[in-house]
Structures are given as C-alpha cells and as structure tokens.
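The values are calculated or read from the model by the stated rules, or taken from the named source; none is laboratory data. Since the model is a prediction, treat every value here as computed from it, not as a measurement. For neighbour counting, all protein chains shown are included, and Cβ atoms are generated from backbone atoms with ideal geometry for every residue, glycine included. Ligands, DNA and RNA are excluded from the accessible area calculation, which covers all protein heavy atoms including side chains. Shrake-Rupley method; radii C 1.70, N 1.55, O 1.52, S 1.80 Å.
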Amino acid sequence: MSRRSEERRKRERRVLGWSLGVAALVHVVVFAVAPPMQVEPMVGTDVELDTTGAPGGANAMVRVFFGPPTVILAERERWTAPSERVLSAEREVRLEEACLTLAGDGRTPVAGQVGLRIRASGRVDLLGLEASSGDPCADRILTEVAGDLWYHWLPNERFGAPVQVIQPVTLMAASLAGF
C-alpha cells in the first residue's frame, strides 16, 4: 500500500511541476506579447489642480474646497453646476510674513468667489475676485489656487469656449513648513 501511495505522490508532484511551469510560461508570453497597460486614476471630479506651476519656496500647505461653479450665460442669466461638481485639494503656497496668521490654530474656514474664464483647453484665466473673504491674505491664496484649476467638463456642447464662471473657494486650513 505504501508503494502505491509513493507512486501516486510522484505522479502528483510531476503534474504539479508541469502545471506550474506551463503557468509561468503563459504569464511570460502574455507579458511579452500584450501591449503595456496605461493606468488612469479614478477621480470623482472632472476638475483638477494644475500643479506644474507650484511655487518655489513654498512655506505652507493649504487645504481648499471648491464649490459648484456658476456659469455666466448672459448679462443676467446664470447656471449653477450640480452639487457633486466640487473638489477638495491641498496645495503648496508661499505665505508672506504678514499672512502667517492664516496658519493659526482654531482658525475658521474663510470663503470667497473668484471669476474665471475657461479656455477651450480647460485651463483658466483669472478675471479677479468676485466676492472677498474679508481677509486680504486669504483672498490672495483663494485667487492663486483658483487660477490653477483645470476643467475637464467645461467647455462642452452646452457651454462653448470661452466660458465665464464664478468659482466659490473656501480656505479650510493652512499649515506651515513641516506641512
């Protein structure tokens, strides 16, 4: 009986060895023949920050929240994007010495609105501050980060380029040096 068990084990080891060898060979062939895969991260929004112009010498990290923008259609006509058209982001910025108080503990969020013109590429041109936060330092930061937006959903068939929008921006928090 032990002889039959031993023969069976040898046969099963041989089958296992061949199976592993064939599986490894199939994987090598698939990786060699298949084109390289491009992975795109899944995001929940069609707006992102353009970080190519991140300021040199940044001494602070800010967390900002972009609310749904309002598209200006005509003199008095406006369309506000759905509530899911929001973006929360972190951005390195340079805080001037007079503005270091923005990074203080217990600071409440400050909000403002920035006017933007969205070009055909989705990149933006700053038109200026539409509604101030009441703090000149915070206004500068809100304007700077809004100028780095890159819209992927505007312009579209409904709103042709250039699209003028009012973008609500809230400075949620700021932290210094060590981020």
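Nearest 500 deg cm²/dmol is fine: what mean residue ellipticity at 222 nm does the chain get from its DSSP H runs of n ≥ 4 alone, each adding -39,500 (n - 2.57), divided by its residue count?
-8500 deg cm²/dmol
Kindly express, to the nearest 10 degrees and within the range 0 to 90, the angle between helix 2-33's C-alpha long axis and the longest C-alpha principal axis of the chain.
40 degrees
With every protein chain left in place, what is the accessible area per residue of the chain in square angstrom, probe 1.4 Å?
Working: 11850 Å² over 179 residues.
Result: 66 Å² of accessible area for each residue.
For Cα Rg over 2.2 N^0.38 Å, one of [x] 1.01; [y] 1.55; [z] 1.74 was computed from the structure I shared and the rest are decoys. Which label?
[z]
Can you list residues from other chains, or at least 5 along the same chain, whose modelled amide H is less than 5 Å from the amide H of L127?
Amide H to amide H, under 5 Å and 5 or more residues apart or across chains, L127 pairs with G115, L116, R117.
Please sort 24-30, 62-68 by packing, taking for each peptide the average over its residues of neighbouring beta carbons within 10 angstrom, highest first.
Sorting 24-30, 62-68 by mean packing, highest first, produces 62-68, 24-30.
How large a share of the accessible area of the chain, in percent, is made up of carbon and sulfur atoms when the probe is 1.4 Å and the other protein chains stay in place?
Working: 6500 of 11850 Å².
Roughly 55 percent, rounded to a whole number.
How far is helix 136-146 tilted off the main Cα axis of the chain, in degrees rounded to 10, range 0 to 90?
Helix 136-146 and the main axis of the chain meet at about 40 degrees.
Spin-label point model (7 Å from Cα, Cβ direction): what's the A120 to L100 distance in nm?
About 4.8 nm separates the two model spin labels.
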